[in-house]
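Every number in this text was worked out from the coordinates using simple rules, so none of it is lab data. Worth saying up front: this structure is predicted, and the values here are computed from it rather than measured. As a convention, Cβ positions derive from the backbone with ideal geometry for all residues, glycine included, and neighbour counts pool all protein chains shown.
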Amino acid sequence: MKKKEKNPFFKLLSLLFLIFISLYIALESGYYEAKLSKKTAMTEESIEKFEEDIKEGKPIDVNTYVYEEKNDYSNHTTDAAIFIGGKVEAFMSSGITELFDIVKSLFT
């Protein structure tokens, strides 16, 4: 028996849908907000150093105690995926809205 090959359009559509779902879950789960807040969080060592500097009367500068994560893994691929995800979301939202408008007009 021959297996029926899937249409390349549906393969592409499935891939875009999976990318959209994964980005949407990452956004809604607070991954990006947690990553941003982690950049400004103080580590235990910096808190201890801050407390020692206060006890010793040294001048305090916040920038010396804030932990900065220097690794930023954003690149053109992630930017493109976020852009495509936004366009897919807008397309799907408008499509669903129009579908409900059609169904609503059938019952009115």
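Projecting label points 7 angstrom from Cα along Cα→Cβ for residue 87 and residue 34 puts them 3.0 nm apart. Once both labels are positioned 7 Å from their Cα atoms along Cα-to-Cβ, the gap between residue 51 and residue 63 label points is 2.7 nm. A Förster distance of 35 Å, applied to the separation of the beta-carbon atoms of residue 80 and residue 43, puts the FRET efficiency at 0.55.
Gain on full extension, evaluated as 0.36 nm per residue between residue 24 and residue 9 minus their Cα-Cα distance, stands at 3.2 nm.
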